[in-house]
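Let me begin by presenting the structure, written as structure tokens, before commenting on it.
The values are calculated or read from the model by the stated rules, or taken from the named source; none is laboratory data. Everything numeric here is computed off the predicted structure, so don't read it as measured data. For neighbour counting, all protein chains shown are included, and Cβ atoms are generated from backbone atoms with ideal geometry for every residue, glycine included.
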């Protein structure tokens, strides 16, 4: 009896939080600030402004579409981590087997990591904020030096995992918010023009909602939300919330606060982009538009402020990306230490960044068009998984029906060297002939819904048919025994 009693006490202690007291508002703000800093990076500044310029007076509907994929979906990705009690993107794909989960994890981390996302955190602040301050002949050398220093700082901050919360949540992020608030104050006090009368680009005259929806892919936040899971869970554990249930609640509440703040900033940025058309022409990208905005209000000093603003927010995001990459890869490839993975990630990102921002953006879009449908269905399945007991068959049907449209979307999004080739044209013809909403880039929706119906049908009726089959088999065996 004493042994049993002792064992039960040990089990109760294991199931208790190290900190069994409710977290303070300050604690929630720190975790929310961490999430905000991890999510809000280079693309989160430049893409909303460019969307506002493209949508013009139709910026309202474009904003709604953008918020679905750039705010709601990242929030759902955090909730998916909470609901499934996962610690990273691997756990989200695990119902489909370890091979799929590992492949999905590698693709996500490669996309938001050394191939596209992390290099972009360095090239955007350089191209938009620093390069205009340098002589034209210093472009390549300046980028080399800037990215070396940038990823050197990212490595230093992430070297000790316990420093991530303090570095992002308490230092870098408040500084960024202070700088951004100053620019917003100037924009509201003296608007460049009226958004309601701004020119609408051709693509946004009829499909502003869907175009805004697709523009949200460029932030990569839904993918980042899955990958940041391990970083956020580790940070919450440092506050003493060590049991899965309490850790999940803290993560979900902090995620709601962080993504709400991001959504408000997006709305302002999109509105500013639309108002800027009164003074400036449609720019090639949001970085140029943001540079024009700051220069309009602050002149030469605005360039220095912009460089600081972008560098601070992008460094915060880079820290989260390289840390999440190193933590996840060390967990699944344990022979290589966290710090070695961290160094490899920073080195690879530094190399890719020196190909330049235009090249990175051009080749990242196809991968996003391929991965986002998978990410969206897996996030929604994870959030709803308690309803079907996380049945792998439901996952399998939905993902299987998503593969072809996602692949065709990727081919169509490649630069002309691929999309306009004979293979690319044949893929486009197949896509537009057989898949609804292909012209809107939403051709995965109907197949995914069909897969959901079939998967849930299998989940509901398979046990019944198995029972009938087992009963029939038992009767045959009973008849033979007689």
Note on segment 425-458: residues more than 25 Å from residue 212 (Cβ to Cβ) and either crowded, with 19+ Cβ neighbours inside 10 Å or without any contact (Cβ under 8 Å) to a residue 12 or more places away in the chain (or both) are 425, 426, 427, 429, 433, 434, 451, 453, 455, 457
Residue 111 passes all but one of the listed conditions (1) surrounded by fewer than 20 Cβ atoms within 10 Å (Cβ to Cβ); (2) under 30 Å from residue 274 (Cβ atoms); the exception is number (1)
Filtering helices (runs of 4 or more DSSP H) wholly in segment 195-253 for at least 2 residues that are closer than 25 Å to residue 46 by Cα gives 208-215, 221-227
Quiz item: Restricting attention to segment 256-268, does a residue exist that is outside any helix (DSSP H, G or I), surrounded by 24 or more Cβ atoms within 10 Å (Cβ to Cβ) and touching a residue at least 12 places away in the same chain (Cβ under 8 Å)?
Solution: no
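Each row is one residue, and each column tells you yes or no for (1) outside the structural domain of residue 124 (by TED's automatic domain parsing); (2) farther than 23 Å from residue 326 by Cβ; (3) out of contact with any helix residue (DSSP H, G or I) (no Cβ under 7 Å at 6 or more places or on another chain).
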| residue | (1), (2), (3) |
| --- | --- |
| 345 | no, no, no |
| 349 | no, no, no |
| 368 | yes, no, no |
| 376 | yes, yes, no |
| 400 | yes, yes, no |
Residue hits (segment 229-247; in contact with a helix residue (DSSP H, G or I) (Cβ under 7 Å, 6 or more places away or on another chain) and either surrounded by fewer than 17 Cβ atoms within 10 Å (Cβ to Cβ) or at pLDDT 75 or above (or both)) are 232, 235, 236, 237, 238, 239, 241, 247
Screening 73, 35, 67 for residues that are assigned to a helix (DSSP H, G or I), modelled with pLDDT of 95 or more, under 14 Å from the mean Cα position of the chain (by Cα) and more than 30 Å from residue 300 (Cβ to Cβ) leaves only 67
Meets criteria (assigned by TED's automatic domain parsing to the domain that holds residue 110, within 30 Å of residue 110 (Cβ to Cβ) and in contact with a helix residue (DSSP H, G or I) (Cβ under 8 Å, 6 or more places away or on another chain)) for residue 259: yes
Of the residues in segment 84-100, those that are closer than 19 Å to residue 250 by Cα and surrounded by fewer than 19 Cβ atoms within 10 Å (Cβ to Cβ) come to 85
Here the qualifying pairs (Cβ atoms under 6 Å; residues six or more apart or on different chains; first in segment 77-104 and within 18 Å of residue 39 (Cβ to Cβ) and assigned by TED's automatic domain parsing to the domain that holds residue 227; second at pLDDT below 85 and not in a helix (DSSP H, G or I)) come out as 92/86
Within segment 313-337, the residues that are surrounded by fewer than 18 Cβ atoms within 10 Å (Cβ to Cβ) and in contact (Cβ under 8 Å) with a residue 12 or more places away in the chain are 331, 332
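Looking at this structure, is residue 401 within 27 Å of the chain's Cα centre (by Cα) and within 30 Å of residue 95 (Cα to Cα)?
Numbers: within 27 Å of the chain's Cα centre (by Cα): yes; within 30 Å of residue 95 (Cα to Cα): yes.
Spelling it out, residue 401 is indeed within 27 Å of the chain's Cα centre (by Cα) and within 30 Å of residue 95 (Cα to Cα).
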- out of contact with any helix residue (DSSP H, G or I) (no Cβ under 8 Å at 6 or more places or on another chain), free of Cβ contacts under 8 Å to residues at least 12 places away in the same chain and under 20 Å from residue 213 (Cα atoms), is that true of residue 417? no
Going through segment 386-420 in order, the residues found to be under 23 Å from residue 111 (Cβ atoms) and not in a helix (DSSP H, G or I) are 414, 415
Selection from segment 318-369 of residues at pLDDT 90 or above, closer than 25 Å to residue 235 by Cβ and not in a helix (DSSP H, G or I) yields 336, 337
Taking residue 46 as the residue in question, decide whether it is in a helix (DSSP H, G or I), touching a helix residue (DSSP H, G or I) at 6+ places or on another chain (Cβ under 9 Å), closer than 22 Å to residue 260 by Cα and in the same structural domain as residue 216 (by TED's automatic domain parsing). yes
Among 447, 415, 392, 436, the single one that is modelled with pLDDT of 90 or more, over 29 Å from residue 91 (Cβ atoms) and not assigned by TED's automatic domain parsing to the domain that holds residue 208 is 436
